[in-house]
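Only one structure is covered here, and it is reproduced in the block below.
The values are calculated or read from the model by the stated rules, or taken from the named source; none is laboratory data. The model shown is predicted, which means the values in this text are computed figures rather than measured ones. Don't worry about glycine lacking a Cβ; one is built from the backbone with ideal geometry, like all the others, and counts go over all protein chains shown.
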Amino acid sequence: MMADTQSGQLDKSNQTIKTVHSFQENEKNMTSYQNWRYEIDGDHIMWLVIDRKDSNVNSLNREVMMEFNEILDDIASQPSITGVVISSAKSSSFIAGADIEQFVSLKDEGEAFELVRYAQTVFDKLAALKIPTVAAIKGFCLGGGLELVLACRYRIAENGPKTVIGAPEVKLGLHPGWGGTIRLPNLIGARSGLRMNVTGTPVDAKLAQKIGLVDVSVPERQLMRAARYYVLNKPKPQQPPFLDKILSLKAVRPWIAKLFYKALSNKKVQRRYYPAPYATIDNWVEFGTVGDRAMVQEAKSISQLMMTETSRNLVRLFFLQTRMKAQAKGVKFSVEHVHVAGAGTMGGDIAAWCVLQGMRVTLQDRTPEIIAPAIKRAHALFKKKCKEPRLVQAALDRLIPDVEGIGVSKADIVIEAISEDVAIKQAFYKAIEPKLKKNAILATNTSSLPLETLSQVLKQPGRLVGLHFFNPVAMMQLVEVVKGENTDEKIIAQATVFVRALDKLPLQVKSSPGFLINRVLMPYLMEAMHLLDEGFTAEDIDKAAVDIGMPMGPVTLADTVGLDVCLAVADILAGHYGETVSEKLRALAKKGNVGAKSGQGFYVWKKGKKVQHASPELSNPAMVKEIQDRLMLRMLNESRACLREGVIDDADLLDAGMIFGTGFAPFKGGPMHYAQRLGISHVVERLVELQKKYGERFAPDEGWLAQVKEEMRESDEELV
């Protein structure tokens, strides 16, 4: 960390340090490559700028790395250069990481190893330079970008809200592979370094300075001046805490590893499904962070992980997420004022989230007393997210209680989140429609009611769109953008843009009972209810689901969502699709034992946490497999029906929606991708078996049968 005396010198640097040239103004004086350019100033400092061509963000592919390698060779051959400062020409980012596209085409571990080792040797050249090297970080610096700056002697970060530094490779089923598993623990210590690599959790500039990841964080106006200071003054580089040097000793490493293994287990991260974080720890224990053996092992390890089904599926999910973010790109629609009607859990939390994104929100309900709990929850969220008191207060100032509904006439979008009752919603629409701005959007957060029914009372039914948020709003990424038969295409596009402005993932779905997520999820939950009625314990059912990779079991999920909510949605969907609703579910909901929020459901809950009771595990593997098949195949079958009916445009988007909306095991790639891997013929055969044993709810959807016939036809054509 930068010493106080150094900080003082930096503050006085206006008088003693030359002004850095503006690269934008002096581009003509710079030596340019395709993706890099540099200028050497009067102090013989090279100001090296990464600016990947034809891209809004910097990412590192082979071409970028080959140019960087050439530049490093040039630097090493010029003894007159006194230091190097690396910065970015992109407005919002330093380096976003490696170009993930290059991973997709890798054929085997050998090809992957070659790619990784090349990048490692380039960064080794950077680390070996005898002159000071400084990374001037502004915006997000992730993955391969972090590994590049770790190879520099010093790191300076702009302390604005957009600067985020981290190693998110674990989210792709990988670990850092260009030196990150070695250099990060060596810089900030084993505890912090392993934690960042294993969890993928990024840090902001201030926290990065606190843990020693950057030498200093400064305002943007001082970024280049600080970089020059470090080149000219050559302060002592960062060192890890002394305790971490002890913890990194070979004899001690296995004991530290046990703590990390336990933390992963507590978070239900299973080695067989998510091997990357375990490989990170295993490599550290066996090879440490010193010498070529550790670096080569890192390359071997990530090369193996790149070929796993988990990584392939998570990389696919990354591209699906990118596709969802790009929906309605180019559509112009900005929202300054949001009016939310309904201050219950969903309405209040939607309002708070809109405020966090900088919007002004009026929150309406019948009385101030009803609105008050929503304001209290919002205050807690603002304190958690904003941290600084002035920012918390500014957020609270943008959240305005509005019993009279005055905000309706000022809002760019009105979000209705009132009772899931057609008559109540329609009465509200009739009352507010004359007050709406000409181009305002009217959105409903209904979880299951068709828009065609709700819009019948509107004079302009085309302005009604569904925006189905999921609970808890602050954590769930997905929002279903529901298209009714009458909804204008322009409104759909604008609603999609609004969802992106909330930093959520929009999923356009057709208006039909349950839309996509609830419709697919409900058979899964109802099958769990059938299993309970047959005498299986909640623990047995949940464990079977978790063992196959679901983030939580269906019974726990039902308790978490609320049994009253589950029952209401189940009754609606049962009327359309013929599902039998569990009497046990109905009885608990009638008693008010609705799950976590009441303290009692299928489980006992205290302070929002499930009370675990020891119970004998189901020891029959065949029966466990039967439970898993019944749960998963109900979900897969309903997914195929939604695809056949056009509820969702394609299988890829369906998979993404179920992963981001329900937590469907990401490493399986989503329901349709998982079904494809199992084999469609196998899925159909198993459904027929279950249909004979348990009834028509397992009847294979006709979409499967059509798919099997198509695959057989294509196979016959190939033989010919």
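What about Cys566, is it in a helix (DSSP H, G or I), under 29 Å from the mean Cα position of the chain (by Cα) and farther than 22 Å from Trp704 by Cα?
yes
Which of the residues belonging to the stretch 510-552 are farther than 15 Å from Ile659 by Cα, outside any helix (DSSP H, G or I) and in contact (Cβ under 8 Å) with a residue 24 or more places away in the chain?
Scanning the stretch 510-552 gives Lys510, Ser511, Ser512, Pro513, Gly514, Phe515, Phe536, Thr537.
Tell me which residues, restricted to the stretch 640-684, are surrounded by fewer than 24 Cβ atoms within 10 Å (Cβ to Cβ) and of a type in the set (Asp, Glu).
Glu645, Asp649, Asp650, Asp652
Any residue in the stretch 453-482 that is touching a residue at least 60 places away in the same chain (Cβ under 8 Å) sitting within a Cβ distance under 7 Å of a residue that is aromatic (Phe, Trp, Tyr) and buried (at least 24 other Cβ atoms within 10 Å of the Cβ)? List the pairs, counting only those 6 or more apart or interchain.
Taking only residues 6 or more apart or on different chains, the pairs are Gln477/Phe660; Leu478/Phe660; Glu480/Phe515.
Is it true that Phe498 is crowded, with 23+ Cβ neighbours inside 10 Å and among the aromatic types (Phe, Trp, Tyr)?
Details: crowded, with 23+ Cβ neighbours inside 10 Å: yes; among the aromatic types (Phe, Trp, Tyr): yes.
So Phe498 passes the test.
Which of the residues that make up the stretch 33-64 are within 27 Å of Lys234 (Cα to Cα) and either assigned to a helix (DSSP H, G or I) or among the aromatic types (Phe, Trp, Tyr) (or both)?
Trp36, Tyr38, Trp47
Which of the numbered conditions does Val85 fail, given that it passes all the others? Conditions: (1) hydrophobic (A, V, I, L, M, F, W, C); (2) crowded, with 22+ Cβ neighbours inside 10 Å; (3) under 30 Å from the mean Cα position of the chain (by Cα).
If we test Val85 against (1) hydrophobic (A, V, I, L, M, F, W, C); (2) crowded, with 22+ Cβ neighbours inside 10 Å; (3) under 30 Å from the mean Cα position of the chain (by Cα), just (3) comes out false.
State the number of residues belonging to the stretch 322-360 that are of a type in the set (S, T, N, Q) and touching a helix residue (DSSP H, G or I) at 6+ places or on another chain (Cβ under 7 Å). Outline the logic, then answer.
From the stretch 322-360, those of a type in the set (S, T, N, Q) are 322, 327, 334, 345, 357; that's our starting set.
Applying the additional criterion that residues be touching a helix residue (DSSP H, G or I) at 6+ places or on another chain (Cβ under 7 Å) yields 327, 357.
Looking only at that region, the number is 2.
Mind checking whether some residue in the stretch 121-139 is surrounded by 24 or more Cβ atoms within 10 Å (Cβ to Cβ), under 24 Å from the mean Cα position of the chain (by Cα) and either outside the structural domain of Trp47 (by TED's automatic domain parsing) or not in a helix (DSSP H, G or I) (or both)?
Yes, the conditions are met somewhere in the stretch 121-139.
Filter the strands (runs of 3 or more DSSP E) completely within the stretch 430-505 down to those with at least 3 residues that are modelled with pLDDT under 95.
Values: elements: 441-444, 464-469, 478-483.
Passing ranges: none, list empty.
Consider the stretch 55-74. How many of its residues are modelled with pLDDT under 95 and among the β-branched types (Val, Ile, Thr)?
Of the residues in the stretch 55-74, 1 are modelled with pLDDT under 95 and among the β-branched types (Val, Ile, Thr).
Among what's in the stretch 541-568 and is charged (D, E, K, R) and in contact with a Gly (Cβ under 9 Å, 6 or more places away or on another chain), pick the residue that is nearest to Lys591 (Cα to Cα).
First, pick out the residues of the stretch 541-568 that are charged (D, E, K, R): 542-543, 547, 559, 564.
Pick out the ones that are also in contact with a Gly (Cβ under 9 Å, 6 or more places away or on another chain) and you get 542-543, 559, 564.
Values: Asp542: 23, Lys543: 27, Asp559: 14, Asp564: 10 Å.
Result: Asp564.
Kindly establish whether Phe287 is over 30 Å from Lys376 (Cα atoms), outside the structural domain of Ala596 (by TED's automatic domain parsing) and free of Cβ contacts under 8 Å to residues at least 60 places away in the same chain. Write out each step before concluding.
Numbers: over 30 Å from Lys376 (Cα atoms): yes; outside the structural domain of Ala596 (by TED's automatic domain parsing): yes; free of Cβ contacts under 8 Å to residues at least 60 places away in the same chain: yes.
Judged against the criteria, Phe287 is a match.
Give Gly549, Gly535 a once-over and let me know the one that is at positive phi, of a type outside the set (D, E, K, R) and surrounded by fewer than 18 Cβ atoms within 10 Å (Cβ to Cβ).
On the way: Gly549 fails: surrounded by fewer than 18 Cβ atoms within 10 Å (Cβ to Cβ).
That would be Gly535, the only listed residue that is at positive phi, of a type outside the set (D, E, K, R) and surrounded by fewer than 18 Cβ atoms within 10 Å (Cβ to Cβ).
Assuming Met224 fulfils every condition listed in (1) surrounded by 12 or more Cβ atoms within 10 Å (Cβ to Cβ); (2) farther than 30 Å from Leu48 by Cβ apart from one, which condition is it?
The failed condition is (2).
Of all residues in the stretch 667-680, which are in contact with a Phe, Trp or Tyr (Cβ under 9 Å, 6 or more places away or on another chain) and in a helix (DSSP H, G or I)? Break it down stepwise before answering.
As a first pass, look at the stretch 667-680 and keep what is in contact with a Phe, Trp or Tyr (Cβ under 9 Å, 6 or more places away or on another chain): 667-668, 670-671, 674-675, 680.
Result: Phe667, Lys668, Pro671, Tyr674, Ala675, Ile680.
Would you point out which residue out of Gly601, Gly595, Gly575 is out of contact with any helix residue (DSSP H, G or I) (no Cβ under 9 Å at 6 or more places or on another chain) and of a type outside the set (Asp, Glu)?
Working: Gly601 fails: out of contact with any helix residue (DSSP H, G or I) (no Cβ under 9 Å at 6 or more places or on another chain); Gly595 fails: out of contact with any helix residue (DSSP H, G or I) (no Cβ under 9 Å at 6 or more places or on another chain).
After ruling out the rest, the residue left standing is Gly575.
Determine which member of the set Ala343, Ala328, Ala352 is in contact (Cβ under 8 Å) with a residue 60 or more places away in the chain and touching a Pro at 6+ places or on another chain (Cβ under 9 Å). Write out each step before concluding.
On the way: Ala343 fails: in contact (Cβ under 8 Å) with a residue 60 or more places away in the chain; Ala352 fails: touching a Pro at 6+ places or on another chain (Cβ under 9 Å).
The match here is Ala328.
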